[in-house]
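Participant: Dropping the structure in here first, questions after.
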Amino acid sequence: MTLRRLAIYLMLCMLAYLALPLPSLAQVSENAAARQSTVRDGQHDFDWQIGTWKVHMRRLQQPLTGSTKWTELDGTVIVRKVWDGRANLAEIVTDGPSGHLEFLSLRLYNPQAHQWSLNFASSNSGTLSVPMIGEFKNSRGEFYDQETFNGKTVLVRFVFSADSPNSTRDEQAFSDDGGKTWEVNWINTSTRVPDESGKTH
């Protein structure tokens with residue numbers, strides 16, 4: 001008798017659930033469209049960086065060892081717009097104690113994910129690095145990847161921030177404890193170079 005009552009109760013519950021009104025396809029589409037409209041379009045997040053910059057770099061010589069020795073470098077960064085801002089290419093040339101260094105940074109915007117990927121290369125290796133993935137929020141861009149450093153897997157974070165339209169700072173940091181703590185090992189401070197007319201570009 002108890003099993004029969006339980007079966008009847010479960011059947012009544014199922015019938016009550018099936019009787020609930022279901023949202024129409026139009027309602028589902030409207031909800032999806034509303035969610036999509038609230039997603040921020042970040043395809044022009046790097047437009048502020050287009051132009052020529054003088055850059056000063058500080059690089060920690062031996063990250064994650066407790067070392068506090070830094071190497072200083074100076075150079076030039078030229079950022080060019082690609083695909084009307086949905087991508088850009090930064091060409092970096094520096095000179096310092098370690099000699100003449102040349103880098104490229106290709107930034108690509110993914111319109112489906114609303115995120116950027118940062119892809120680095122140096123003239124010494126001629127290959128692209130593991131892409132760093134991230135986005136801008138409140139004029140601050142944060143990008144992450146996972147790499148092997150000195151035989152150990154570490155998290156890598158790269159942060160962009162604009163102090164003003166003509167000055168910017170970005171930095172790289174490593175974490176070997178899953179992101180609990182971070183050690184900054186590369187700091188770039190840049191100043192925009194005026195064009196021949198004296199205007200910044």
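The values are calculated or read from the model by the stated rules, or taken from the named source; none is laboratory data. Everything quoted here is computed from the prediction, not taken from an experiment. Please note: Cβ atoms are built from the backbone with ideal geometry, for glycine as well, and neighbour counts cover all protein chains shown. Quick note on the areas: whole protein, heavy atoms, side chains included, nothing else; ligands and nucleic acids left out. Shrake-Rupley method; radii C 1.70, N 1.55, O 1.52, S 1.80 Å.
Participant: Only residues that are out of contact with any helix residue (DSSP H, G or I) (no Cβ under 6 Å at 6 or more places or on another chain), of a type in the set (A, V, I, L, M, F, W, C) and free of Cβ contacts under 8 Å to residues at least 60 places away in the same chain: list them for the range 56-90, please.
Facilitator: Applying the first criterion (out of contact with any helix residue (DSSP H, G or I) (no Cβ under 6 Å at 6 or more places or on another chain)) to the range 56-90 yields 56-78, 80-84, 86-90.
Cutting the leftovers down to of a type in the set (A, V, I, L, M, F, W, C) gives us 57, 60, 64, 70, 73, 77-78, 82-83, 87, 89-90.
Selection gives TRP70, LEU73, ILE78, VAL82, TRP83, ALA87, LEU89, ALA90.
Participant: Follow-up. Output the number of residues of the range 181-196 satisfying the condition of being open to solvent by less than 60 Å² (accessible area, probe 1.4 Å) and assigned to a loop (DSSP other than H, G, I, E, B).
Facilitator: Here the count works out to 2.
Participant: Take the residues in the range 153-179 that are in a strand (DSSP E or B), among the charged types (D, E, K, R) and at pLDDT 95 or above, then tell me which one is least open to solvent (accessible area, probe 1.4 Å). Full working, then the answer.
Facilitator: If we filter the range 153-179 for residues that are in a strand (DSSP E or B), which is where we start, we get 153-164, 167-175.
Checking which are among the charged types (D, E, K, R) leaves us with 157, 163, 169-171.
Subset that is at pLDDT 95 or above: 157, 169-171.
Working: ARG157: 43, ARG169: 86, ASP170: 12, GLU171: 39 Å².
That would be ASP170.
Participant: One residue is enough: does the range 69-83 have a residue meeting the conditions closer than 19 Å to PRO131 by Cβ, open to solvent by 20 Å² or more (accessible area, probe 1.4 Å), outside any strand (DSSP E or B) and at pLDDT below 95?
Facilitator: Scanning the range 69-83, I find at least one residue that is closer than 19 Å to PRO131 by Cβ, open to solvent by 20 Å² or more (accessible area, probe 1.4 Å), outside any strand (DSSP E or B) and at pLDDT below 95, so the answer is yes.
Participant: Still on this structure, please answer the following. Listed residues ASP145, ASP95, ASP74; which is within 16 Å of TRP182 (Cβ to Cβ) and not hydrophobic (A, V, I, L, M, F, W, C)?
Facilitator: Step by step, each of ASP145, ASP95, ASP74 is checked, and only ASP145 is within 16 Å of TRP182 (Cβ to Cβ) and not hydrophobic (A, V, I, L, M, F, W, C).
Participant: Something else now. Across the range 85-120, what is the total count of residues that are under 19 Å from the mean Cα position of the chain (by Cα) and either within 18 Å of GLN49 (Cβ to Cβ) or open to solvent by 40 Å² or more (accessible area, probe 1.4 Å) (or both)?
Facilitator: Let us first name the residues in the range 85-120 that are under 19 Å from the mean Cα position of the chain (by Cα), namely 85-92, 103-120.
Narrowing the set further to residues that are either within 18 Å of GLN49 (Cβ to Cβ) or open to solvent by 40 Å² or more (accessible area, probe 1.4 Å) (or both) leaves 85-92, 103-113, 115-120.
Going through the range 85-120 one residue at a time, the tally reaches 25.
Participant: Show the residue pairs that are 6+ apart or on different chains and have beta-carbon atoms under 9 Å apart, the first residue being within the range 103-118 and over 23 Å from VAL77 (Cβ atoms), the second being among the β-branched types (Val, Ile, Thr) and modelled with pLDDT of 95 or more.
Facilitator: ASN110/ILE133; ALA113/ILE133
Participant: Mind checking which residues of the range 138-152 are assigned to a loop (DSSP other than H, G, I, E, B) and either in contact with a helix residue (DSSP H, G or I) (Cβ under 8 Å, 6 or more places away or on another chain) or free of Cβ contacts under 8 Å to residues at least 12 places away in the same chain (or both)?
Facilitator: ASN138, GLY151
Participant: Against the definition (open to solvent by less than 80 Å² (accessible area, probe 1.4 Å) and in contact (Cβ under 8 Å) with a residue 40 or more places away in the chain), how does GLU135 come out, yes or no?
Facilitator: yes
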